[in-house]
Amino acid sequence: MVEGIILLLLKSMYFFLPGYVANMSPVLFRWIPLGDRAISEKFLGSHKTWRGLIVGIIMGGIIFSLQKYLYVTEFKLWAIIDYGDFSPVLGFLMGLGALVGDAVKSYYKRKGGLKPGERWFPYDQIDFVIGGIIFSWFVYVPQAEVVLILLLVTPILHIVVNHIGYWLRIRESKW
């Protein structure tokens, strides 16, 4: 039973890998000199840029394409879906959804008077998961237990990854 839960946990996180990578991409690719213009500084803050949006969407599609390639070359252990049945559009949608979810949260943070980078638990940790899952519904609706696992595990994973980014001096804060 425990092995089954661990495998479902890993499969769920593997499924959402395009969303995870899309969410991290704006920080990882901030060195790119193009597109460093705020989408809407008034509504989203200065750190939500066109570069981050475009790079995140592209990375979501690339990661899904890699997952698809691995699936058709017999790596099926962690697959929840038959990647051969889906186009990279699912990855682009998860990436777009992850970034839109983050932008919606940023909008409400600004409306609530919270500063960029200020903690807003648990929304800072699950905003992109909600957005990525909702946008994936255009082509695939994951099982309820997959969504539940992602919503429960991602906050912990998000905090750990942000701390690592802070220690590596990629991020300015641990949150």
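Taken together, the values in this text are just the output of simple stated rules run on the coordinates, not laboratory data. Since we're looking at a predicted model, the values are computed, not measured. Ideal geometry is used to build each Cβ from the backbone, glycine not excepted, and the neighbour counts take in all protein chains shown.
Calculate how steeply helix 2-15 sits against the longest principal axis of the alpha-carbon atoms of the chain, using the helix alpha-carbon long axis, and give the answer as 0 to 90 degrees to the nearest 10. Helix 2-15 sits roughly 60 degrees off the main axis of the chain. Simple point charges give the picture: +1 on the Cβ of Lys and Arg, -1 on the Cβ of Asp and Glu, and for region 1-106 a dipole about the Cα centre of about 380 debye.
Overall, the ratio between the Cα radius of gyration of region 70-175 and 2.2 N^0.38 Å, rounded to two decimals, is 1.22. Site pair Val153 and Ser46 shows an inter-label distance of 3.8 nm when each label is modelled 7 Å from Cα along Cα→Cβ. Can you give the angle from 0 to 90° between the axis of helix 123-136 and the longest principal axis of the chain, with both taken from C-alpha atoms, to the nearest 10? For 123-136 against the chain, the angle is about 50 degrees. Compute the Cα gyration tensor for region 2-167, then decide on rounded, prolate or oblate, letting a ≥ b ≥ c be the square roots of its eigenvalues: rounded whenever a/c is under 1.5, prolate when a/b is larger than b/c in the other cases, and oblate in all that remain. It comes out prolate by the Cα gyration axes. Computed from point charges on the beta carbon alone (+1 for Lys and Arg, -1 for Asp and Glu), the dipole magnitude for region 31-91 about its Cα centre is near 280 Debye. 3J(HN,Hα) couplings calculated from phi for region 36-45 with the Karplus curve 6.51 cos²θ - 1.76 cosθ + 1.60 (θ = phi - 60°) are, in sequence order, 7, 10, 4, 5, 7, 4, 5, 9, 10, x Hz; Gly and Pro show x.
To the nearest 10 degrees, how steeply does helix 50-72 sit against the main Cα axis of the chain, on a 0 to 90 scale? Tilt of helix 50-72: around 10 degrees. A cut-off of 5 Å between modelled amide H atoms, ignoring neighbours fewer than 5 places along the same chain, links Thr49 with Ile39.
Measuring nothing but how far apart in sequence close Cα pairs (under 8 Å, 6+ apart) lie, relative to its length, region 65-163 scores a relative contact order of 27 percent. May I ask you to list the lysines whose Cα is less than 30 Å away from that of Lys109, ignoring any residue fewer than eight positions away on the same chain? Of all the lysines, those that pass the test against Lys109 - Cα under 30 Å, at least 8 places apart if same chain - are Lys42, Lys48, Lys174.
Per-residue extension of 0.36 nm, minus the Cα-Cα distance of Trp78 and Tyr107, leaves a gain of 6.9 nm for this segment. Only lysines eight or more places from Lys68 in sequence, or on another chain, were considered; those with a Cα closer than 24 Å are Lys11, Lys76.
When only Cα pairs below 8 angstrom with a gap of at least 6 residues are kept, region 2-167 shows a relative contact order of 24 percent.
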